[in-house]
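Enquirer: Here's a structure for you.
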Amino acid sequence: QLVESGGGMVQAGGSLRLSCVGSGRTFSDYGMGWFRQAPGKEREFVAAISRAATKVNYKEAVKGRSTISRDNVKNTVYLDIHRLKPEDTAVYFCAAKRTVTGAVISSADGYSHWGQGTQVTVSS
């Protein structure tokens, strides 16, 4: 089970930290990702991190102002987003996929477990 939190309403230029807590399985066996879906649009990749946090990958539009990280003791993955823009408004989902290698997965089809999402709204 994955449970996201940390969403909310924020003004453009602000920052948010999203958290996703996993339970029920060995968290460190899973590559983790963040995706988002805006109204009327398809779900899109935001960031991903390998199970030991040795590799990360970002969507170009958030690169340089976002950081994905994880704490395998707390079974939590984080997404820090700075300099938020109205176009960042979306429901943000975390996802998990058990990996044998330290793979970073950028495709939604590659994930087997999903959270319920947390809403992020950025006002101009």
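Enquirer: How big is the gap, in Å, between the Cα center of segment 63-115 and the Cα center of segment 9-38?
Expert: Result: 5 Å between the Cα centres.
Enquirer: At 1.306 mPa s and 10 °C, plugging the Kirkwood radius over alpha-carbon pairs of segment 53-104 into Stokes-Einstein gives what diffusion coefficient in µm²/s?
Expert: 124
Enquirer: With a 1.4 Å probe and all protein chains left in place, how much accessible area per residue does the chain have, in Å²?
Expert: Value for the chain: 50 Å² per residue.
Enquirer: Quick one: dipole size for the chain, taken about the Cα centre, charges +1 on Lys/Arg Cβ and -1 on Asp/Glu Cβ, in debye to the nearest 20.
Expert: 220
Enquirer: Any aspartates and glutamates with Cα under 20 Å of the residue 55 Cα? List them, leaving off those in the same chain fewer than 8 positions away.
Expert: 29, 44, 71, 80, 109
Enquirer: Right, something else. First compute the accessible area of the chain with a 1.4 Å probe, then give the percent of it belonging to carbon and sulfur atoms.
Expert: 49
Enquirer: Separate question: Whats the longest run of the chain with zero trypsin sites (Lys or Arg not before Pro) that are DSSP loop and have at most 14 other Cβ atoms within 10 Å?
Expert: Counting only loop sites that pass the neighbour cut-off, the longest clear stretch is 84-124.
Enquirer: Okay, next question. Could you tell me which of 96, 37, 123 has its Cα farthest along the dipole of the chain towards the positive end, charges placed at Cβ (Lys, Arg +1; Asp, Glu -1), taken about the Cα centre?
Expert: It is 96, whose Cα lies furthest towards the positive end.
Enquirer: Relative contact order (percent) for segment 54-118, with alpha-carbon contacts under 8 angstrom and 6 or more residues of separation?
Expert: It rounds to 30 percent for segment 54-118.
Enquirer: Mind listing the Cα extents of segment 36-124 along all three principal axes, in Å, largest one first?
Expert: 42, 24, 24
Enquirer: Can you list the GluC sites (Glu not before Pro) in segment 23-105 that are in a DSSP coil and have 10 or fewer other beta carbons within 10 angstrom?
Expert: Sparse-neighbourhood loop GluC sites (Glu not before Pro): 42, 60.
Enquirer: Give the calculated FRET efficiency between residue 106 and residue 23 to the nearest 0.05, with a Förster radius of 35 Å applied to their Cβ-Cβ distance.
Expert: With a Förster radius of 35 Å, E is 0.90.
Enquirer: Now, a different point. Taking the chain as a Gaussian network, Cα atoms linked when under 10 Å apart, which of 73, 46, 21 shows the biggest mean-square fluctuation?
Expert: Greatest mean-square fluctuation among the candidates belongs to 73.
The values are calculated or read from the model by the stated rules, or taken from the named source; none is laboratory data. The structure presented is a predicted model; accordingly, all values stated were derived computationally and were not measured. Because the Cβ atoms are built from the backbone with ideal geometry, glycine has one as well, and the counts that use them run over all protein chains shown. The area values use the complete protein model at the heavy-atom level, side chains included, leaving out ligands, DNA and RNA. Shrake-Rupley method; radii C 1.70, N 1.55, O 1.52, S 1.80 Å.
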